[in-house]
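Novice: One structure is given below, represented as structure tokens, and several questions about it will come after.
Nothing in this text is a laboratory measurement; each read-out follows from the coordinates by a stated rule. All figures in this text were calculated on a predicted structure; none of them were measured in a lab. Virtual Cβ from ideal backbone geometry, glycine too; neighbours counted across all protein chains shown.
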Amino acid sequence: MSASDTSMTDAINGLQQSLILFSQVYCIFLIVFGTMGHLLSIYVFTRSALRSNPCIRYFLASAISGSMNVCIVVPIRMLQLGYGIDIFIYSLPVCQVLSYFLGWIRLVPVWFISMASIDRFLASSPSATLRGWSSIRIACRMIPVIVLFICLIYIHYPFNQAILLLPQRSCTFATSSYRAFFSIWNLIFWSWIPTILMLVSGLLTIRNIHKSKNRTVPQNNIHENNKRMDRQLIRMLIIQCFVFSITTTILSIIQLYVSITNNLIVKDNYVKARDQFAVNIGNFIALFGPCMSFYFFTLSSKLFRRHLIDGFRRQQPIQNTTNTNAQQRHV
């Protein structure tokens, strides 16, 4: 073996070891902090003071689907890339079914956030007809519709997965042409459309809020509380929109670059290993948004922090006050 072949082998092994170490550390980080964060998010979003808001329903659906990413997608990827236990390669049906499930479950949280952005636009609209579409009834119907929609638009994915034997046994794209198609498809349906929906609805919501300031509206405590909640929800949506758009776009661009260059140039083993390393890192980056949403909620929203803190101490002071009043009446 020549010196150049030895150095290339060492470089490939270095990439593999770096990926193994990164996968182990990063996945454990996502599992620990993601599980804890989503449990707290679900706890906050199911509180009686918030669960009647349709936007919160979409946040709750996003938190539940995000917890599925933490508890299912991340451990499977950690076993596959961090410990060499690849359950995808046991059989072709397993490869296709798992690829399909892990693929669409990653898309669901960002689409729920998009629907939450649209709901805020509808709720802020001066039109009573549009405001009527912002309701718990509509949200409860749209959540399963979004899940079904993602399942249907992703239906082509498992039929284009195959188990390849070289350079090692792996579950991957059946053809290079489908890899290129899926890169563009992923960029459109995972990055561009949800981001555009969030951006446009967010700008329209801000416009409606500014217009509402110029209208004379009777002010009361309920009205002020609703406006304050709307501002907090919009802030939560903006930070989520930013994180999802950045992380998903990075992966889509990497996949698109690899697909295009595979068809244009002949790559040696090191370049192929480097490309696969970049794709794997991009996949992990794309999981950051769905897994860490609780911390973005906490940092961006005083409303979320207040309900989180109040949730842990909500009953004790009330019970003490009630007992004291009862004792005073008894005396």
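Novice: What is the spread of the Cα atoms of the chain along each of their three principal axes, largest first, in whole Å?
Specialist: Dimensions of the chain along the principal axes of its Cα atoms: 93, 50, 35 Å.
Novice: Here's another thing I want to ask about it. Compute all pairwise cysteine Cβ distances in the chain, then list the cysteines with no distance under 4.7 Å to another cysteine.
Specialist: 27, 55, 71, 140, 151, 241, 291
Novice: What is the dipole size for the stretch 3-125, taken about its Cα centre, with +1 at each Lys and Arg Cβ and -1 at each Asp and Glu Cβ, in debye to the nearest 20?
Specialist: Numbers: 6 positive and 4 negative charges, 145 e Å.
The calculated dipole for the stretch 3-125 is roughly 700 debye.
Novice: Please identify the helices of the chain, taking whole runs of DSSP H, that span at least 20 Å along their own axis as judged from the Cα atoms and have a mean Kyte-Doolittle score of 1.6 or higher. Let's see the in-between values first.
Specialist: Values: long enough: 3-45 (60 Å, 1.04); 54-68 (22 Å, 0.89); 92-124 (49 Å, 1.21); 136-153 (26 Å, 2.44); 193-213 (30 Å, 0.73); 221-264 (64 Å, 0.40); 269-286 (26 Å, 0.04); 316-330 (21 Å, -1.97).
Membrane-span-like by this rule: 136-153.
Novice: Another one. Within the chain, how many Lys pairs that are eight or more residues apart, or on different chains, come under 25 Å at the alpha-carbon? Present the calculation step by step, with values, prior to reporting the outcome.
Specialist: Values: 211/227; 211/302; 213/227; 213/302; 227/302.
Counting lysine pairs in the chain gives 5.
Novice: Also, quick follow-up: Could you tell me which of 45, 293, 19 has its Cα farthest along the dipole of the chain towards the positive end, charges placed at Cβ (Lys, Arg +1; Asp, Glu -1), taken about the Cα centre?
Specialist: Highest projection toward the positive end goes to 45.
Novice: What is the local net charge at residue 112, summed over the other residues whose Cβ is closer than 14 Å to its Cβ (Lys, Arg +1; Asp, Glu -1)?
Specialist: On the way: positive: 57, 106, 120, 141; negative: 119.
With Lys, Arg at +1 and Asp, Glu at -1, the net is +3.
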